[in-house]
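A.B. asks: Mind looking over this structure? Questions follow.
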Amino acid sequence: MKYDFTAIEKKWQKIWEETKPFAAKDGGDKPKYYVLIEFPYPSGDGLHVGHPRPYTAMDILARRRRKQGYNVLFPIGFDSFGLPTENYAIKNKIHPAEVTKRNTARFAAQCKMLGYSFDWDRAIDTSDPEYYKWTQWIFLKMFENGLAYKASVPVNWCTSCKCVLANEEVVNGVCERCGSEVVRREKSQWMLAITKYAQRLIDDLDGLDFTERIKLLEKNWIGRSTGAEVDFTTTAGDTLRVYTTRPDTLFGATYMVISPEHALLKKWEPLLKNADEIHAYQLEAARKSDFERTELAKDKTGVRLDGVSAINPVTGGEIPVFISDYVLATYGTGAIMAVPGHDERDWEFAKKFSLPIIEVVAGGDVEKEAFTDCDTGVMVNSGFLNGLSVADAKTKITEWLTDKNLGESKVNFKLRDWVFSRQRYWGEPIPMIYCEKCGWVPVPESDLPVLLPDVQNYETTDTGDSPLAAMTDWINTPCPHCGAPAKRETDTMPNWAGSSWYYLRYADPKNKDALASKKAIDYWTPVDWYNGGMEHVTLHLLYSRFWHKFLYDIGVVPTPEPYKKRTAHGMILAEDGQKMSKSRGNVINPNDIVDEFGADTLRLYVMFLGDFEKDAPWSTSSVKGCKRFLDRIWGLAEKSLNGKDNQFSAAHEKALHRAIKKVGGDIEALKFNTAIATLMSLVNDFYETPPTRGDIKILLSLLSPFAPHIAEELWGLQGFSGHADSDKWPDYDAAKTIDDELEIAVQIGGKLKGTVRVPTDSPDEAVLAAVLADEKLARLTENRELVRTIVVKNKLVNLILK
RNA sequence: GCCGGUGUGAUGGAAUGGUAGACGUGAAGCACUCAAAAUGCUUUGCCCAUCGGGCGUGCCGGUUCGAGUCCGGCCACCGGCACCA
């Protein structure tokens, strides 16, 4: 009989659909294990061959855990709110909800085609009102706790489309759609105070089993720095507060720079003799996009404030104040003290504007370049700090500033609060109402969800408001507080909202009274193993950790962290080594591969093609190697075999024990490629010496997480009891993985000269005797004095001769 | 510029400081076949060669009995961040 993968895969998928062997049970005797993949965004293109890599990996893990006796939760859902769907809907004039329905159906069918052991009964959809009701509820809780606030922040504004653009929509400083200029503009937006959690988001990484590169990326992104805030008095009378990480260099501060957006500029306007020039500079800076501001960074620009200067608090000297766009309004206090001797940017600026450069840390040549080394320098020209190391000077000056009430130590983060408003239709409505009298009033919990109304036109508007702004019937609503006429918020949430808590909903996806029951959350969370893309580490992963911590603080979840373990997969590249993308036309569709080779082959291949954590190019011609492997297994296992079901043959006993150990260990270490190589070797052995029933049973049991359909089919054909996917993961006997006799490498002076065979665990003398008994090796040692012998047990002998 | 990562046969990739190249692809040969495909078996890092020997993991050095692996200094490529004071 031929290996008819199409029929076999359909058969088992139907059985799984009907008998639901992968449905998770809420409770029971077995220990729980929660395996999570990043749920897909159901785009119109369907699954591409990149999706199966992480999905198959986690499916293998989930299937192994079930065989190990765990109660496994391995859920799936759809992150369906978002811009691509909305744009597709606009282009094709189909309602986004309709588009979502079609796309999710297609994705689900594709996932089923690949035989994933998801618990489909728990499938969720972030655009389902029953779901986003709770996304809105969390937002309300955040508002209640002072974490959600409305603020005016700079956004990308297209001068022609008259609307706000996402950063991704700004390409080389111009609007992606119309090619016109994009400027920064202040706009009132809902914000989430993620910065209040910055310290905890860093600290709590320590206790988590995340791969190091993930932790590092999050830490760098949050960007903690320690320094001090220092007050400078000005001739205008106001205090100008700066943030610095080098308070030790205060004596070397020869000028100050404030950002063009700094609030004091407005106040100081009457005092400024060159107000026009400053205005022009401010306008120019505003006109520049972030992109230009950083690209043109090499050449420093700025304008000196004519009419206001500052006093250095330690020297008492009067120093000039500049505005320059190299100082960011959004970091620190939006103002800096400039120490050109010890900061590269300040040095450049000082050179350009011929400002004095004072050396306050000895060790370099400040006339040639800024000396920024903190470890070796000694303080000079710094009054009471002279002679101290940089570290000691930092401590002393900070104490001094605190003492004199001129400043204090301060920690800053690069992380900014999260801009949470989108002027788009296809997202969760932000459940807030604006009342002239009461201000922003939250929608009462009992009125949730605030349903996304049906609109005729969901295109963006000329005014930059959400398409919802035209829905007067929907907008106008009485104030929940005083009953006066009021208006709903028309902005929606960003696509990261629904995915920030979805793993909680899986615990209890149909709950109508809470985002999930306390019992279900206590039982299932935290997620035991979460795998996803590296590109989500600084967005989704961070956002969801933030939300989870908030939910922990208000007593909704029992742990401070949502995910115990996080790993990340590499991308599958096209055959040319480039990223797969529709525009390059190099995308591989999994359906084509499944049609030609079968789902089991595709699953094997995506796991076999390289190191799971690294990018790897696709190769259609290599896929057939995996198909051949399955064909060879089929050839061995479809016919009737001798032997007992639960006994290994003497010929294969060692190889089997080793394979059980290796495959299990490799799955845990994400080394799926070598796990499959081990199985391939085993099959090669079986072609040399025919296997017994017991041998084949183990092979199928180990294979079943990787290629579940064929394993199950052959299991049945052999008449083994039960199913391959529920059969206990086999145990190995460490003693039986060891050979009786080994080949020992023989080196002379560190160079490999030959090998000898000796019994395992032979004493050193026996090994040496074997070496001398070898004619060739003995000849090489003739007439030479043995100076030293190194023996590595069961591995190698190294003879050092004179 | 800063922070990561990577560099191994024709090729995708294996190798707790201990026999480099497992496993797969490709290629060559043999068997089966009228023939081809499929399948099975064999060979396949490079150089000289008869046994055998020499050289080999981006480059240069170091540590070590022994280095793809550890250390120092380069080079190249990929990714992220980028005037964060």
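A.B. asks: Working out 0.36 nm times the residue gap between A:Asp375 and A:Thr620, then minus their Cα-Cα distance, what length gain in nm do you get to one decimal? Intermediate values should be presented prior to the final figure.
C.D. replies: On the way: separation 245, 0.36 × 245 = 88.20 nm, distance 5.40 nm.
Answer, rounded to one decimal: 82.8 nm.
A.B. asks: Next question. Determine the principal axes of the Cα atoms in the stretch A:1-85, then give the extent along each, sorted from largest to smallest and rounded to whole angstroms.
C.D. replies: Projected onto the principal axes, the Cα atoms of the stretch A:1-85 cover 44, 42, 22 Å.
A.B. asks: Run the dipole for the stretch A:1-124 about the Cα centre, Lys and Arg Cβ at +1, Asp and Glu Cβ at -1, nothing else charged, and hand back the magnitude in debye, nearest 20. Display every interim value, and only then the final one.
C.D. replies: Numbers: 21 positive and 14 negative charges, 79 e Å.
In total the dipole reaches around 380 debye.
A.B. asks: Can you compute 3J(HN,Hα) from phi for each residue in the stretch A:241-255, using the Karplus curve 6.51 cos²θ - 1.76 cosθ + 1.60 with θ = phi - 60°, rounded to whole Hz and x for Gly and Pro?
C.D. replies: 9, 10, 10, 9, 8, 10, x, 4, 8, 3, 5, x, 6, 9, 6
A.B. asks: I would also like to ask the following. Calculate the spin-label point distance for A:Ile790 paired with A:Lys644, positioning each point 7 Å from the Cα along the beta-carbon direction, and give it in nanometres.
C.D. replies: 4.8 nm
A.B. asks: Extent of the stretch A:319-473 along each principal axis, from alpha carbon coordinates, in Å, largest to smallest?
C.D. replies: Each principal axis gives a Cα extent; for the stretch A:319-473 these are 71, 36, 29 Å.
A.B. asks: Once you sort the root eigenvalues of the Cα gyration tensor of the stretch A:185-247 as a ≥ b ≥ c, which label holds: rounded (a/c under 1.5), prolate (a/b larger than b/c) or oblate (the other case)?
C.D. replies: Details: a/c = 3.44, a/b = 1.78, b/c = 1.94.
Oblate is the answer for the stretch A:185-247, as a/c is 1.5 or above yet b/c matches or exceeds a/b.
A.B. asks: Next question, about the same structure. Cross-link list A:Lys101/A:Lys624; A:Lys133/A:Lys487; A:Lys101/A:Lys187; A:Lys187/A:Lys267; A:Lys219/A:Lys368; A:Lys2/A:Lys654: which exceed 24 angstrom alpha carbon to alpha carbon? All intermediate terms of the calculation are to be shown ahead of the outcome.
C.D. replies: Details: A:Lys101/A:Lys624 35 Å; A:Lys133/A:Lys487 20 Å; A:Lys101/A:Lys187 34 Å; A:Lys187/A:Lys267 22 Å; A:Lys219/A:Lys368 34 Å; A:Lys2/A:Lys654 31 Å.
Check vs 24 Å cut-off fails for A:Lys101/A:Lys624; A:Lys101/A:Lys187; A:Lys219/A:Lys368; A:Lys2/A:Lys654.
A.B. asks: Which one of A:Leu401, A:Val242, A:Val153 has its Cα pushed farthest toward the positive end of the charge dipole of chain A, where Lys and Arg give +1 and Asp and Glu give -1 at the Cβ?
C.D. replies: A:Val153
A.B. asks: With axes computed from alpha carbons, what is the tilt in degrees of helix A:693-703 against the longest principal axis of chain A, rounded to the nearest 10 within 0 to 90?
C.D. replies: 10 degrees
A.B. asks: Using modelled amide H (1.01 Å from N, peptide plane; none on Pro or chain starts), what sits under 5 Å from the amide H of A:Ala338, excluding residues fewer than 5 places away?
C.D. replies: Sorted by chain and number, the residues that satisfy this are A:Thr254, A:Tyr255, A:Met256, A:Val257.
A.B. asks: Return the whole-Å distance between the Cα centroid of the stretch A:311-387 and the Cα centroid of the stretch A:616-650.
C.D. replies: If you average the Cα positions of each part, the centres end up 70 Å apart.
A.B. asks: Working from Cα positions, state the angle (0 to 90°, nearest 10) between the long axis of helix A:212-222 and the longest principal axis of chain A.
C.D. replies: The two axes meet at around 10 degrees.
A.B. asks: Across bins of 10 angstrom width beginning at 0, how are the C-alpha pair distances of the stretch A:468-596 distributed, in whole percent?
C.D. replies: P(r) for the stretch A:468-596, in whole percents per bin: 10, 25, 23, 25, 14, 3, 0.
A.B. asks: Also, I was wondering about something else. Which residues does a label at A:Ile738 reach in the stretch A:769-799, if reach means a backbone N under 16 Å from a point 7 Å past the Cα toward the Cβ?
C.D. replies: The answer is A:792-796, whose backbone nitrogens lie closer than 16 Å to the label point.
A.B. asks: For A:Glu344 and A:Ser225 in one chain, what is 0.36 nm times their gap in residues minus the Cα-Cα distance, to one decimal in nm? It would help to have the intermediate numbers written out before the result.
C.D. replies: Details: separation 119, 0.36 × 119 = 42.84 nm, distance 1.78 nm.
That works out to 41.1 nm of additional length.
A.B. asks: Can you work out the Karplus-derived ³J(HN,Hα) for every residue in the stretch A:322-339? Use 6.51 cos²θ - 1.76 cosθ + 1.60 with θ = phi - 60°, whole Hz, and x for glycine or proline.
C.D. replies: Whole-Hz 3J(HN,Hα) from phi for the stretch A:322-339: 10, 10, 7, 7, 7, 9, 8, 5, 9, 10, x, 9, x, 8, 10, 8, 9, 10.
A.B. asks: May I ask for the distance between the Cα centers of the stretch A:444-506 and the stretch A:702-775, given as a whole number of Å?
C.D. replies: 63 Å
A.B. asks: Okay, moving on. Divide the volume of the convex hull of the Cα atoms of the stretch A:648-743 by its number of residues and quote the answer in cubic angstrom per residue. Before the final figure, lay out the partial values.
C.D. replies: Values: hull volume 10.4 nm³, N = 96.
It comes to 108 Å³ per residue, whole-number rounded.
A.B. asks: Calculate the dipole size of chain A relative to its Cα centre from +1 charges on Lys and Arg beta carbons and -1 charges on Asp and Glu beta carbons; express the result in debye to the nearest 20. List each step's numbers first, then the result.
C.D. replies: Details: 101 positive and 113 negative charges, 282 e Å.
Roughly 1360 debye, rounded to the nearest 20.
A.B. asks: At 222 nm, what value in deg cm²/dmol follows for chain A if DSSP H runs of at least 4 each add -39500 (n - 2.57) and the sum is divided by all its residues, to the nearest 500?
C.D. replies: Values: 25 runs with 276 residues, N = 802.
After summing the helix terms and dividing by residue count, I get -10500 deg cm²/dmol.
A.B. asks: Among A:Gln718, A:Ser762, A:Met191, whose Cα lies farthest out toward the positive end of the dipole of chain A, if unit charges sit on the beta carbon of Lys, Arg (+1) and Asp, Glu (-1)?
C.D. replies: Of A:Gln718, A:Ser762, A:Met191, it is A:Gln718.
A.B. asks: Test of the criteria: in the stretch A:479-581, which trypsin sites (Lys or Arg not before Pro) are in a DSSP loop and have at most 11 other Cβ atoms within 10 angstrom of their Cβ? Don't skip to the answer; put the middle values down first.
C.D. replies: Values: sites: A:Lys487, A:Arg488, A:Arg505, A:Lys510, A:Lys512, A:Lys518, A:Lys519, A:Arg545, A:Lys549, A:Lys564, A:Lys565, A:Arg566, A:Lys579; in loops: A:Lys510, A:Lys512, A:Lys564, A:Lys579.
The qualifying sites are A:Lys510, A:Lys512.
A.B. asks: Taking 0.36 nm per residue of separation and subtracting the Cα-Cα distance, what length does fully extending A:Ala766 through A:Glu269 add? Spell out each step's value before the answer.
C.D. replies: Values: separation 497, 0.36 × 497 = 178.92 nm, distance 9.37 nm.
That works out to 169.6 nm of additional length.
A.B. asks: Moving on to the next point. For chain A, take the longest principal axis of its alpha carbons; what is the angle in degrees between that and the long axis of helix A:672-688, to the nearest 10 within 0 to 90?
C.D. replies: Long axis of A:672-688 versus the principal axis of chain A: about 10 degrees.
A.B. asks: Sticking with this one: Semi-axes of the equivalent ellipsoid of the stretch A:355-396: what are they in whole Å, largest first, if each equals the square root of 5 times a C-alpha gyration tensor eigenvalue? Don't skip to the end; give the middle numbers.
C.D. replies: Working: eigenvalues 63, 28, 11 Å².
Equivalent ellipsoid semi-axes, largest first: 18, 12, 7 Å.
A.B. asks: Just name one of A:Phe143, A:Pro467, A:Ile744: the one whose Cα is farthest towards the positive end of the charge dipole of chain A (beta-carbon charges, Lys/Arg +1, Asp/Glu -1).
C.D. replies: A:Ile744
A.B. asks: Could you check how much of the accessible area of the stretch A:174-246 is carbon and sulfur, as a whole percent, using a 1.4 Å probe?
C.D. replies: On the way: 1600 of 3320 Å².
Accessible surface attributable to carbon and sulfur in the stretch A:174-246 totals 48 percent.
A.B. asks: Follow-up question, since we're still on this one. Suppose each label sits 7 Å from its Cα in the direction of the beta carbon; what would the A:Ala778-A:Lys11 distance come out to in nanometres?
C.D. replies: 6.2 nm
A.B. asks: So, one more: Dipole magnitude of the stretch A:704-764 about its Cα centre, charges +1 at Lys/Arg Cβ and -1 at Asp/Glu Cβ only, in debye to the nearest 20?
C.D. replies: Working: 5 positive and 12 negative charges, 78 e Å.
Around 380 debye, computed over the stretch A:704-764.
A.B. asks: Under the Kirkwood approximation for Rh and a Cα-based Rg, what ratio Rg/Rh is obtained for chain A? Intermediate results must be reported in sequence, preceding the final value.
C.D. replies: On the way: Rg = 33.5 Å, Rh = 31.6 Å.
Rounded to two decimals, Rg/Rh equals 1.06.
A.B. asks: I would also like to ask the following. With every protein chain kept in place and ligands, DNA and RNA left out, what is the accessible area per residue of chain A? Probe 1.4 Å, answer in Å². Walk me through the numbers on the way to the answer.
C.D. replies: Working: 35590 Å² over 802 residues.
Ligands and nucleic acids excluded, the result is 44 Å² per residue.
A.B. asks: Moving on to the next point. Please work out the Kirkwood hydrodynamic radius for the stretch A:227-348, using every pair of different C-alpha atoms, and report it in angstroms with one decimal place. Spell out each step's value before the answer.
C.D. replies: Numbers: mean 1/r = 0.0688 Å⁻¹.
With all distinct Cα pairs of the stretch A:227-348 included, I get 14.5 Å.
A.B. asks: On to the next question. Rounded to the nearest 0.05, what FRET efficiency is calculated for A:Asp576 and A:Ala484 with R0 set to 56 Å and r the Cβ-Cβ distance?
C.D. replies: Values: r = 63 Å, r/R0 = 1.13.
Once rounded, the FRET efficiency stands at 0.30.
A.B. asks: Testing the spin-label approximation: label points 7 Å from Cα along Cα→Cβ at A:Ala362 and A:Arg628. State their distance in nm.
C.D. replies: So the label points at A:Ala362 and A:Arg628 sit 7.3 nm apart.
A.B. asks: Could you look at the stretch A:78-143 and say what percent of its accessible area is carbon and sulfur, using a 1.4 Å probe and all protein chains? Intermediate results must be reported in sequence, preceding the final value.
C.D. replies: Numbers: 1310 of 2340 Å².
Here it works out to 56 percent.
The values are calculated or read from the model by the stated rules, or taken from the named source; none is laboratory data. Values in this document were obtained by computation on a predicted structure and should not be read as measured data. Using ideal geometry, Cβ is built from the backbone for each residue, glycine included, and neighbour counts are taken over all protein chains shown. Keep in mind that these areas ignore ligands, DNA and RNA; they rest on the heavy atoms of the full protein, side chains included. Shrake-Rupley method; radii C 1.70, N 1.55, O 1.52, S 1.80 Å.
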